[in-house]
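Starting off with a structure, shown below.
The values are calculated or read from the model by the stated rules, or taken from the named source; none is laboratory data. All figures in this text were calculated on a predicted structure; none of them were measured in a lab. Backbone-built Cβ (ideal geometry, glycine too); neighbour counts: all protein chains shown.
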Amino acid sequence: MTDHEEHIKELRARAMRLPLHPGVYLMHDKSGKIIYIGKAKALKNRVSQYFGSEKNHDAKVRQMVAHVDWFEYILTDSEFEALVLECSLIKQHTPKYNILLKDDKGYSYIRVTKGPWPRISEAKQVLDDGAEYIGPYVSGWSVKQSVEEAQRIFRLPDCNRRFPEDIGKGRPCLNYFIKRCCAPCHGKISQEEYSETVSEALDFLRGGSAESTRVLTRKMEEAAEKLEFERAARIRDSLAAIRKMSERQKVVATKVPEQDVIALAQGGGRTCFEVFRFENGRLTDRENFFTGEAGNAKAARGEFLERYYSMRNRVPPRVTLDGPAEGAELLSEWLTGKAGRKVTISVPQKGEQAQLAEMCRSNAAEQLGQSMGRTGRETSALDELARLLNLPKPPAYIEAYDISNLAGNENVAGMVVFENGRPLRSAYRRFRIKNVVGQDDYASMREVIARRMNEYRLSRGNGEGFGRLPDLILLDGGRGHVAAVQPVLDEAGISVPLFGMVKDSRHRTRAIAKNGGEIEINSSRSAFTLVSTIQDEVHRFAIGYHRQLHRKAAVSSTLLSIEGVGPTRAKALMKQFGTISAIRDADLAELEGAPKMTEPVAQSVYNFFHSSQEKGEISKES
């Protein structure tokens, strides 16, 4: 037993002596620094789990446990008191392995420059630059959206050109031609009209779309009465843009007046939490937070809710999540006390709320994908697949297997690997079935998986190739394949999720098979696309290997039927000429000059391919 294993055994023994009582536990490293703080309803049960079998831990917990030197605990009168104390201690000590959120939430302003050609923009702070600052506003996202909407509706410039200095110095940009800018740079609008337009935009930003619509409607009617038709037409276009914007906003409106929608996406050792904040039934703000590996999604949601609302004074009456959170009832009680009114935590399964949660999750996946140089669809597909198969986290490393043979001959298997949703061709492997005679896909698949797991046992520790265990194994087949292979993993003591990929009568992916049933896949979801891609790729790889061996067998049987040509000479001929056609077309001198050849054997080969009887029977195989 190593020193580390002995130390873990001692920590477990100490944990087993803890009371079955609510409290908070603090994990310390060798320097005495607190690296993790947690709460428990029963300290003994919770803390002892950390020092049990590693098979029950995700990567984050294993890493934390590896650095624990000792722990201490504080008893509380209830689990609720433990939660409150935990929040306070985490804020005080910021332990490395707790979810820690960087709160960059500051105030934002709308900046309006002075002069005859004022410009409107978003600002993070007030500067002594002579400009007017409207605000402060809590939501920087809302300010940015509002300024962009005002610029779009009233066709205000958002470029770096300066007025009046740059007027007439160049052609208008594309925004003018698509009716997104009034082009003061090219003299398309007078200074008086421009100032009035900016004033209307500021009224819109201060009063909102409803008030702005009333004011603009009145101005349009006045302009029409005065026969100022160009001005009336400009105001009419602004009103049409406001109405169009309002229609777009209905897409992210909800029947619940005030709520937060929270979702997460995981992958590549990172986690992104997305928060949508709704007030008066409309999306008013959004935030996203990145953390390291968060481990189990249920536990991660619970921990995030603690950290997030520890930083926020505003707590809405409803918090909608994309999945279950650990300790949701306790968190609801804590948030209710913090808000001074009832706070509900819900996980909707259908309807409008479920769609909002899915939209939030898709945005989290997009943010995570962009941060890692991947597409949001790839990240979303892995996240969806994890939810569909009830995996603890998205499968970053997937192995897929398929068997290929022809009536039981040239029995082979292909293994393909997808890492972070993309093919990892350097990890592809091919197998020739050794111990199965005839066409028995179940037995062949058992042999392949057994050999692969034996290679893991021999190579474990290097973390590459066969020395790395996948997060998910997919078999090209149904429930029968899964039932046949699962005992192989059980006997090896390896716990890797195992599923089959089921095809329909048209050879297209239809469902995912598990022990005892099937999971239907909605063809509109990105998880379906990923599984279909994996199934097609492993089938292509396996059948390609089978065809390669079949061609080699045909070539070998042709050459070996020639007098004087054995396996060694046949191999040398193929290496020298590449194909049977090239050997047939070679002259006698070329055959005599080939490695391993003698004059009599070269004559035999030449005669074989050039006799009138044989020439028509030899296929021109390349």
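I want to confirm something. Restricting to segment 396-407 and keeping residues that are modelled with pLDDT under 90 and more than 16 Å from R540 (Cβ to Cβ), which single residue is surrounded by the fewest Cβ atoms within 10 Å (Cβ to Cβ)?
Out of the qualifying residues, it is A407.
Right, here's the next one. Could you count how many residues in segment 493-532 are under 21 Å from R429 (Cβ atoms) and touching a residue at least 40 places away in the same chain (Cβ under 8 Å)?
Number satisfying all stated conditions: 6.
I need the helices (runs of 4 or more DSSP H) fully contained in segment 9-108, keeping only those with at least 2 residues that are under 25 Å from G337 (Cα atoms).
79-93
Take segment 310-321 and flag every residue that is buried (at least 21 other Cβ atoms within 10 Å of the Cβ) and out of contact with any Asp or Glu (no Cβ under 6 Å at 6 or more places or on another chain).
Of everything in segment 310-321, those that are buried (at least 21 other Cβ atoms within 10 Å of the Cβ) and out of contact with any Asp or Glu (no Cβ under 6 Å at 6 or more places or on another chain) turn out to be T320, L321.
Among the listed residues A483, A492, A513, identify the single one that is small (G, A, S), closer than 27 Å to R432 by Cβ and at pLDDT 90 or above.
After applying the criteria, what remains is A483.
Still on this structure, I have one more. Name the residue, out of T509, T529, that is more than 17 Å from P394 (Cα to Cα), hydroxyl-bearing (S, T, Y) and touching a Lys or Arg at 6+ places or on another chain (Cβ under 9 Å).
T509
Considering only strands (runs of 3 or more DSSP E) fully contained in segment 492-549, which possess at least 3 residues that are within 25 Å of the chain's Cα centre (by Cα) and closer than 24 Å to N411 by Cα?
Fully inside segment 492-549 and qualifying: 498-503.
Any residue at all in segment 159-172 that is under 43 Å from the mean Cα position of the chain (by Cα) and within 19 Å of L202 (Cα to Cα)?
yes
So is K102 closer than 30 Å to N288 by Cβ, at pLDDT below 95, surrounded by fewer than 16 Cβ atoms within 10 Å (Cβ to Cβ) and not hydroxyl-bearing (S, T, Y) or not?
Here the answer is yes, as K102 does meet what is asked.
Sticking with this structure for a sec: Residue under question is Y194, and the condition is that it be free of Cβ contacts under 8 Å to residues at least 24 places away in the same chain and either buried (at least 18 other Cβ atoms within 10 Å of the Cβ) or of a type in the set (A, V, I, L, M) (or both); does it hold?
The answer is no for Y194.
Still on this structure: Check off (1) surrounded by 21 or more Cβ atoms within 10 Å (Cβ to Cβ); (2) over 20 Å from A450 (Cβ atoms); (3) not aromatic (F, W, Y) for R508 and give me the number that stays unchecked.
Here R508 clears every test but (1).
Same structure again: Restricting attention to segment 192-237, which residues are in contact with a Ser or Thr (Cβ under 8 Å, 6 or more places away or on another chain) and at pLDDT below 75?
Correct list: L205, S209.
Filter segment 481-505 down to residues that are closer than 18 Å to L530 by Cα and of a type in the set (A, V, I, L, M, F, W, C) and give me whichever is surrounded by the fewest Cβ atoms within 10 Å (Cβ to Cβ).
Filtering first and then ranking leaves V502.
Is there a residue being of a type outside the set (V, I, T), exposed (fewer than 12 other Cβ atoms within 10 Å of the Cβ) and modelled with pLDDT of 90 or more anywhere in segment 48-71?
Yes - at least one qualifying residue is present in segment 48-71.
Tell me which residues, restricted to segment 163-181, are part of a loop (DSSP other than H, G, I, E, B) and free of Cβ contacts under 8 Å to residues at least 12 places away in the same chain.
E165, I178
Of everything in segment 363-389, what is hydroxyl-bearing (S, T, Y) and either buried (at least 21 other Cβ atoms within 10 Å of the Cβ) or assigned to a loop (DSSP other than H, G, I, E, B) (or both)? Give them in sequence order.
Scanning segment 363-389 gives T375, T379, S380.
Testing C87 on (1) crowded, with 16+ Cβ neighbours inside 10 Å; (2) under 29 Å from E333 (Cα atoms); (3) touching a strand residue (DSSP E or B) at 6+ places or on another chain (Cβ under 6 Å); (4) of a type outside the set (S, T, N, Q), one condition comes back false. Which one is that?
Tallying (1) crowded, with 16+ Cβ neighbours inside 10 Å; (2) under 29 Å from E333 (Cα atoms); (3) touching a strand residue (DSSP E or B) at 6+ places or on another chain (Cβ under 6 Å); (4) of a type outside the set (S, T, N, Q), C87 fails exactly one: (3).
On to the next question. Show the residue pairs that are 6+ apart or on different chains and have beta-carbon atoms under 9 Å apart, the first residue being within segment 112-125 and outside the structural domain of T197 (by TED's automatic domain parsing) and in a loop (DSSP other than H, G, I, E, B), the second being at pLDDT 85 or above and not hydrophobic (A, V, I, L, M, F, W, C).
none
Still on this structure, I have one more. Please name all residue pairs, on different chains or six or more residues apart, with Cβ atoms under 6 Å, provided the first residue is in segment 264-288 and is of a type in the set (S, T, Y) and the second residue is surrounded by fewer than 24 Cβ atoms within 10 Å (Cβ to Cβ) and assigned to a strand (DSSP E or B).
T271/T291; T284/R277
Follow-up. So, P324, is that one at pLDDT 90 or above, in contact with a Ser or Thr (Cβ under 9 Å, 6 or more places away or on another chain) and either exposed (fewer than 15 other Cβ atoms within 10 Å of the Cβ) or farther than 16 Å from L83 by Cβ (or both) or not?
no
Check off (1) of a type outside the set (A, V, I, L, M, F, W, C); (2) surrounded by 11 or more Cβ atoms within 10 Å (Cβ to Cβ); (3) within 18 Å of W117 (Cα to Cα) for G168 and give me the number that stays unchecked.
(2) is the only condition that G168 fails.
What is the residue count in segment 573-622 for residues that are part of a loop (DSSP other than H, G, I, E, B) and either aliphatic (A, V, I, L, M) or modelled with pLDDT of 85 or more (or both)?
Qualifying residue count, segment 573-622: 9.
Checking V143 against (1) in contact with an Asp or Glu (Cβ under 9 Å, 6 or more places away or on another chain); (2) in a helix (DSSP H, G or I); (3) farther than 30 Å from R312 by Cβ, which single condition isn't satisfied?
Result: V143 passes all but (3).
Still on this structure, I have one more. Quickly run through segment 328-361 and pick out the residues that are part of a loop (DSSP other than H, G, I, E, B) and either closer than 26 Å to S380 by Cα or free of Cβ contacts under 8 Å to residues at least 12 places away in the same chain (or both).
Passing the criteria: G340, V347, P348, Q349, K350.
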